[in-house]
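Have a look at the structure below, then the notes.
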Amino acid sequence: MKQRNLIRRLTAALVSGAMALSLCAPALAAADEPAAALQPGIYPEGSIAVVYADKENPIVVSKNTPDILGDGTLAYKDGVLCSEKPVQSLYIDVNPEKTVDIRITTEEGAAAPGVLNIVNAHDVFLSGKVWGAPAVGEVYVACTGSLTVQNTSPSSHAAKEVHYVNLSGAETVLRVDDEVEEVVAPGAAAERYAYNISYCLTVKSEPSYTLTVENGYAASKRTGQASTRFYRHEYVTVYMERPTDALELDDWVLPEGLELSDDDRKTGVCSFYMPEEDITVGASWKKAENTEMELHVTYNDYTEVFTPQHLENNSNAVVTFANNTFTIRFDFTMDDKDVKIQGLADPKTGTVPSVVLDGIVMGSVYADGVNDLTVRMPEGIEGTLVKESVEVSASGDVTLVNTNGNCVGGDLTVRNARNVTVDANTADAEDTEEHRNYALSYDAKITCSGDVTITNAGGGVRDDLTVYAAQDVTVSVDSEDWYAVYCETDIACTGDVTLTNASGAALDYPLTIADARNVTITGKTDGEELIGDDNDEEHSIRCSGTVTLRNEGDGDLFTNQLTYTPDTSVEVYDIAVDGETKRKNATDAVVLTCGKNVTVITSDVTDPDAPDAPEWNNDLTGAKELIITSTLKPVDPGEAADGDGSTVVAVIAGAALAGAAVWGGYEVTTRVMLKNLLPEGAAIPATRGELALLLWNAAGRPEAGAVVTVYPDITDADQQAAARWCTEQGLLTARSDGTFAPDGRVPKWRVIEVWNHAFAK
C-alpha cells in the first residue's frame, strides 16, 4: 500500500485509542476526588499525572509512589513513571505543567502487551524481549521529548502498532533500525504497524546537515523531493545537471571518506547515506569541443550528431533545423528502442537548442540540455505517443500532444522546466488495458516554475501526480469511467489548482494541496464521491484563496475527512454548504467529514461582536457544494519573514486540530509550545491588545517612533503605547479604518508566530 498523508487520521487514532480506556464516561472519579472534579484534561492541584487502569477508577499521582496500581507494576520516582514488569492496558495522562519521563522495560517478555496510551509525557522508553512476537502491543504516544520502542530479541518486531503525536515544538526524526523513515513536524502525527517496524523504532529531535550540490541537486529517498538539509544516515540521491557545454562526466568531487561504486562514478547520478556533517558534492565534466550548437541523438545503440551547419549543407528527410529548433521525425513502429537526446549550447551565443519529436517512440525518451521539448503525434496516426517512460530536464517548456491516444505509457518525470503541457485524446479508446485510457499511464512527477496543464477526453493520470514549485496546476478530463487522477495527488504551487472531470469523479485516492491560491475541484458522479473512493482516505488543502468543491451528480463531495487550513495570509474565512453559510469569520483549520469520524469542531471567531456560529457538526454527507471564501489580512511586513512561526502555523492549525474537540490535541500542543516560549508566569494572550502588551513588556517597554499614532478604540495608556510600538515593528497591523481592534481574538498559533518573529532564537 502506498504511503498516505497520515497527519490528521493518526491524531484521531490517538484520540480514539485513549477514548477506549478513559473517555467513555461523562465523568471520571478517583478515590479522593469527586466525580465532577476530574474531567479528561483536568489535573488536580499538585498532581503529576492521572493513571487510568479502567474508566471508573482514575488514580491521581502527586508524589513519589512505589506502587501506583497496587500490583507492583508501575511506580513514580523523581520525574519518572517506571516499571520493570509487563504493564497491561493503561491510559497515562501527564500534567503538561510537569516534565515526566515514562520507562517500561522487561528483560524477558512483553513490556506492554495490550493498549498503552500516553499523553503529555516527555521521554518515553518501552523495551521488552519477546521471541516471535512484538514486545509492545498498541501504543499511542503524544510526548514532548523522545520515543523509543524496541524488542531486544532480534527475531521479531518492536510493536504491533505505534501511533505518535509530536508535542515537542520542533521537528522530530522517526527511525526504524536507524534508517530515517519520516520527519514529523510539530503537532503532526505518524504511525507504523508491525510490517514496517523492525526491532527498534525511535523518534527524537536531531540536528540536520547541509548538503551542497554544485551544478545539481539532491533528493531524499524519504520524500522524493529536492532538499539541501538532511539527517544523519538519511539515504540521499544526487542528480548532477549536465552543463550545456559538456557531454561526458569526468569524475565526482567528493568529501573525504565518501566513496561511490564504480557504476555511480560513470553517471551523473549517485546515492549514499548522509554523514554526520555538512558536505559539498560536485562533479567535473569533460568539456565538449563543439564550434556550434549540437544535438546528440542516440537510437538503436547508435549516436548521431546534428548541427545547424551540417543540416543546411546536407538534405535530411528525418532531421531539420530552423529557429534554434531541431525537428526529428520518428515513425518507427517496430523497434522497442529508447531515444536519448543531449543538447550542446552554441559556444559563441550560449543558445540552447529546442527539440521537436514528430511521431511514435516505441521505447523511452530521455532528454537534457534542451530548451523547449515537444513530442507530438502526426495527424492520422493512432496509439501511444511514447510507449515507455519520459524523463526530461529542460530550461523551457515541455509539451506532449497526441490527438489520437494517450501520451506516455510509462512514468513522466520533468525537472527544471518552465511550463508543462500534456494534451491527449483517448475518448474513443478501445484498449482493454485501463492505463491506456489515461493521458499518462503511470506516475507523473513534475518540478517546474510555470504552469502544469493535463487534458484528455479520457482519464488524466493513472498513478500518482506530484507537482512541486509550479504556478497554476490544471487537470481537465471528461470520462464516466476514469479519473482526473487515479492515485495520490500531491501538489505544492503558488497559483490556482483546478481538477475537473466533466462526466465523473475527480480523484480516487488522497488529495494534498499546499501553498496554493484558489482550489477548484468539480465533477459529476453517480453514487461515487467526487474525491476518494476508499472510506479511510483523508484529504488536506492549504491555500490563501477560495476553495470550491462541486459534485453535479448525486454522490458525496469526498470520503471520510477533509482538513482545510487557511494560509498565514488569511485573516478570516467563511464556509458555505449548498449555498447556506455554516461558519463566519473562522480563523483556525477545520476538519470536515462525510459520514466518518464526525467530530464537532468550533473555529475561532475574530470579531468579538460576531454572533456565535450555528450548531453544526461539520458533516457534509449529502452535500453537493462546498465553498470556502477567505478574507486576506492587511499587509503585514512581519508576516513575510521566514521563521519558526510560519511552520508552526501550517502544522498546528492544519494537523493538531483533528482531535481537538474530543481530546484537546490543539490546546495541548499550543499550550506546551507557549509554555516553552513565553516568559515564566506569563498568561497566554487571547486578544490583540493582550498580545501587544505582552510583546511590549517583554521588549523592555521601548518608546515608539517619532510619528505618534493614536488608536481611537484604545483607552489604556500602556496598551496604546504597546499597540503603537508593535505596529511600528511590523509585528501587528492596524485595521484599514485606523483602529487597532484590541479586543479581537488571537488564536494560539498566531501568538506563537508573532512571538517567534519578535524574539527569534
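The values are calculated or read from the model by the stated rules, or taken from the named source; none is laboratory data. Quick caveat, the model's predicted, so the values are computed rather than measured. Backbone-built Cβ (ideal geometry, glycine too); neighbour counts: all protein chains shown.
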Here is a list of conditions, (1) farther than 25 Å from Ala492 by Cβ; (2) of a type outside the set (Asp, Glu); (3) modelled with pLDDT of 95 or more, and Tyr193 meets all of them except one; can you say which number that is?
(3)
Take the residues in region 304-317 that are at pLDDT 90 or above and of a type outside the set (A, V, I, L, M, F, W, C); name whichever of them is surrounded by the most Cβ atoms within 10 Å (Cβ to Cβ).
Thr307
Give region 461-488 a look and list any residue that's over 16 Å from Thr426 (Cβ atoms) and assigned to a strand (DSSP E or B), or say none.
Leu465, Thr466, Val467, Tyr468, Ala469, Ala470, Val473, Thr474
For region 189-205, give me the residue count where each residue is surrounded by fewer than 20 Cβ atoms within 10 Å (Cβ to Cβ) and assigned to a loop (DSSP other than H, G, I, E, B).
3
Against the conditions (1) crowded, with 20+ Cβ neighbours inside 10 Å; (2) in a helix (DSSP H, G or I), where does Pro186 fall short? Just the number, please.
(2)
Quick check on region 190-210. Is at least one of its residues in contact with a helix residue (DSSP H, G or I) (Cβ under 7 Å, 6 or more places away or on another chain), among the charged types (D, E, K, R) and in contact (Cβ under 8 Å) with a residue 60 or more places away in the chain?
yes
Regarding Val662, is this residue modelled with pLDDT of 50 or more and among the β-branched types (Val, Ile, Thr)?
no
Across region 66-95, what is the number of residues that are part of a loop (DSSP other than H, G, I, E, B) and among the small types (Gly, Ala, Ser)?
4
Looking at this structure, is Ser205 under 25 Å from Tyr91 (Cβ atoms), at pLDDT 95 or above, among the polar types (S, T, N, Q) and touching an Asp or Glu at 6+ places or on another chain (Cβ under 9 Å)?
no
Give Ser393, Ser364, Ser389, Ser354 a once-over and let me know the one that is small (Gly, Ala, Ser), closer than 16 Å to Ala439 by Cβ and crowded, with 17+ Cβ neighbours inside 10 Å.
Ser389
Name the residues in region 111-125 that are in contact with a Pro (Cβ under 7 Å, 6 or more places away or on another chain) and either farther than 13 Å from Gln150 by Cα or surrounded by fewer than 24 Cβ atoms within 10 Å (Cβ to Cβ) (or both), would you?
Pro113, Asn120
Just a yes or no: is a residue in region 82-90 farther than 20 Å from Thr152 by Cβ and of a type in the set (Lys, Arg)?
no
Search result, residues across region 691-721 that are in contact with a Lys or Arg (Cβ under 9 Å, 6 or more places away or on another chain), in a helix (DSSP H, G or I) and either among the charged types (D, E, K, R) or over 18 Å from Glu753 (Cβ atoms) (or both):
Asp718, Ala721
What tally of residues in region 722-748 results from selecting those that are part of a loop (DSSP other than H, G, I, E, B) and buried (at least 16 other Cβ atoms within 10 Å of the Cβ)?
12
Can we say Asp556 is within 17 Å of Leu592 (Cβ to Cβ) and assigned to a loop (DSSP other than H, G, I, E, B)?
yes
With the structure loaded, tell me whether Val51 is surrounded by 21 or more Cβ atoms within 10 Å (Cβ to Cβ), assigned to a loop (DSSP other than H, G, I, E, B), touching a residue at least 24 places away in the same chain (Cβ under 8 Å) and in contact with a strand residue (DSSP E or B) (Cβ under 9 Å, 6 or more places away or on another chain) or whether it fails that test.
no
Scan region 210-220 and give yes if some residue there is over 21 Å from the mean Cα position of the chain (by Cα) and part of a loop (DSSP other than H, G, I, E, B), otherwise no.
yes
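To keep it simple, each residue is scored yes or no on (1) modelled with pLDDT under 95; (2) under 14 Å from Ile197 (Cα atoms); (3) of a type in the set (Val, Ile, Thr).
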residue	(1), (2), (3)
Leu90	yes, no, no
Arg103	no, no, no
Val115	yes, no, yes
Asn151	no, yes, no
Glu171	yes, no, no
Taking the condition without any contact (Cβ under 8 Å) to a residue 60 or more places away in the chain, of a type in the set (Phe, Trp, Tyr), surrounded by fewer than 12 Cβ atoms within 10 Å (Cβ to Cβ) and not assigned by TED's automatic domain parsing to the domain that holds Asp397, does Tyr273 pass?
no
Enumerate the strands (runs of 3 or more DSSP E) found wholly within region 224-276, keeping only those where 2 or more residues are of a type in the set (A, V, I, L, M) and closer than 26 Å to Glu289 by Cα.
246-253
When region 145-171 is checked residue by residue, the ones that are of a type in the set (Val, Ile, Thr) and either over 11 Å from Leu126 (Cβ atoms) or surrounded by fewer than 19 Cβ atoms within 10 Å (Cβ to Cβ) (or both) are Thr148, Thr152, Val165
Given the residues Arg436, Arg462, which is the only one that is of a type in the set (D, E, K, R), buried (at least 21 other Cβ atoms within 10 Å of the Cβ) and either farther than 20 Å from Ala367 by Cβ or in contact with a Phe, Trp or Tyr (Cβ under 7 Å, 6 or more places away or on another chain) (or both)?
Arg462
Considering only region 130-144, state which residues are surrounded by fewer than 19 Cβ atoms within 10 Å (Cβ to Cβ) and touching an Asp or Glu at 6+ places or on another chain (Cβ under 8 Å).
Gly137
Name the single residue that is farthest from Leu626 (Cα to Cα) among those in region 526-554 being modelled with pLDDT of 95 or more and hydroxyl-bearing (Ser, Thr, Tyr).
Thr546
Hits in region 491-522 (condition: of a type in the set (Val, Ile, Thr) and either not in a strand (DSSP E or B) or not assigned by TED's automatic domain parsing to the domain that holds Cys448 (or both))
Thr494
Kindly indicate whether any position in region 278-294 is closer than 22 Å to Val398 by Cα and surrounded by fewer than 19 Cβ atoms within 10 Å (Cβ to Cβ).
no
From the options Ser220, Ser208, residue that is of a type in the set (Gly, Ala, Ser) and buried (at least 18 other Cβ atoms within 10 Å of the Cβ):
Ser220
